[in-house]
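One structure is given here, and the rest of the page talks about it.
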Amino acid sequence: MSGENWQVFMTFGFFIILLSVCGLYCLLVTRNLIRAIIGLELLFKAVTLLIIVVGYVTGRNALTQAIVITVIVIEVVVAAVAGGIALRVFRHTNGLDARELKKLRG
């Protein structure tokens, strides 16, 4: 790895770690379903950025673009399904607290 590639990797690596930590914190600490979806989206963005940086450093840009497009499509589907679930939970319980989901037993 050349000096310029190493510098790019370290610079973006800091932001990737920062996004990952923020996403994990948002997922683990919050009880609000919308905040959990936002945390999941932050984790997806960190993975996407990591794939792009690794593709740039290794020089395999075509493969990287294909993988990133696939990850973005998966991310949109997960966000849409999670948003739909959160909407149904809100309509049923009048709140978005994840602790209220225990009341949904049949």
For this session: Would you tally the residues in segment 18-48 being without any contact (Cβ under 8 Å) to a residue 24 or more places away in the chain and among the hydrophobic types (A, V, I, L, M, F, W, C)?
Result: 10
Exercise. Can residue 99 be described as in contact with a Lys or Arg (Cβ under 7 Å, 6 or more places away or on another chain) and either in a loop (DSSP other than H, G, I, E, B) or modelled with pLDDT under 95 (or both)?
Worked result: yes
For this session: Just name the residue that is farthest from the chain's Cα centre (by Cα) out of those in segment 50-70 that are among the β-branched types (Val, Ile, Thr) and either at positive phi or surrounded by 14 or more Cβ atoms within 10 Å (Cβ to Cβ) (or both).
Result: 57
For this session: Take residue 42 and decide whether it is of a type in the set (A, V, I, L, M), in contact with a Cys (Cβ under 6 Å, 6 or more places away or on another chain) and on the phi < 0 side of the Ramachandran plot.
Result: yes
For this session: Have a look at 70, 48 and point out the one that is in contact with a helix residue (DSSP H, G or I) (Cβ under 8 Å, 6 or more places away or on another chain), closer than 29 Å to residue 2 by Cβ and in a helix (DSSP H, G or I).
Result: 48
Problem set entry | Residue in segment 1-45 that is nearest to residue 90 (Cα to Cα), counting only those that are touching a Lys or Arg at 6+ places or on another chain (Cβ under 7 Å) and part of a helix (DSSP H, G or I) | 26
Problem set entry | Enumeration of residues in segment 51-106 that are within 21 Å of residue 27 (Cα to Cα) and of a type in the set (Gly, Ala, Ser) | 79, 80, 82, 83, 84, 86, 95, 98
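The values are calculated or read from the model by the stated rules, or taken from the named source; none is laboratory data. Since the structure is predicted, the reported quantities are computational estimates derived from the model, not experimental observations. Quick reminder, even Gly has a Cβ in these numbers, built from the backbone with ideal geometry, and neighbours come from all protein chains shown.
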